[in-house]
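Written out below as structure tokens is the structure these notes cover.
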Amino acid sequence: MSIKEGSKRASAKSLKGERIGPYVVPETAIRDLIGSLRIRDVETTAARLQVVADATHREIDSQVDRLDRSRLRLLKDVAGESTNKQYRRIMRAIIAGVGQGPPGIDAAHLTANYAVELAFRWTSDYFSALRQYRDKLRAMALAAELAEGSEPAIEPGAVCNG
């Protein structure tokens, strides 16, 4: 996916100006990053962004004015771990955001958190949890039907996919 030259300037301008929503970049940029990742890269990118969320979480709770040097260094190191242009753009905005004090630290934290939430939807853990949830709902529906004495819509022991 390529970004047109004009949109580069427009998005760079918006990053330095007021934020759209609670994030350091527009929400669509976060969704675009996660949506553009190959399945095998989702978990790695999510892990990197979780490092950002963890590094900024303590500062939000303690209401500090800025990130300490070691955490800022950690963010810069994590930013350099991928060659993905969208990832690097978001990480530059996160690093710039944490330099703006508490509101920027909060926005950086929310950005990373949101990206991790979106990425989770593409992990094997998510699909496993979703299957378990569906199986639980089916079992509850079957138990309710059996308790009413009616003929079950789902045969006991039937394997259901999807």
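The values are calculated or read from the model by the stated rules, or taken from the named source; none is laboratory data. The shown structure was predicted, so the numbers you read here are calculated from the model rather than taken from an experiment. Note: ideal-geometry Cβ built from the backbone for every residue, glycine included; neighbour counts use all protein chains shown. Side chains included, ligands, DNA and RNA excluded: accessible areas come from the protein's heavy atoms. Shrake-Rupley method; radii C 1.70, N 1.55, O 1.52, S 1.80 Å.
Just a few scattered comments:
- Cβ-based net charge around Tyr126, under 13 Å, with every Lys or Arg adding one and every Asp or Glu removing one: 0
- For the stretch 109-121, 3J(HN,Hα) per residue [Karplus equation, 6.51 cos²θ - 1.76 cosθ + 1.60, θ = phi - 60°, Hz, x = Gly/Pro]: 4, 5, 4, 5, 4, 4, 4, 5, 4, 5, 5, 4, 5
- Other residues lying with their Cβ under 15 Å from the Cβ of Arg31 contribute a combined charge of -1, Lys and Arg counting +1, Asp and Glu -1.
- Here the stretch 47-152 exposes an accessible surface that is 53 percent carbon and sulfur, computed with a 1.4 Å probe and the other protein chains kept in place.
- Per residue accessible area in Å² of the stretch 44-110, where ligands, DNA and RNA are left out and the probe is 1.4 Å: 53
- Packing order of peptides 26-37, 100-111, highest average first: 100-111, 26-37 (average count of other Cβ atoms within 10 Å over each peptide's residues).
- Residues in the stretch 82-113 reached by a label modelled at His57 [backbone nitrogen below 11 Å; 7 Å Cα→Cβ]: 113
- The label point for Thr28 and the one for Ser82, both projected 7 Å from the Cα toward the Cβ, are 2.0 nm apart.
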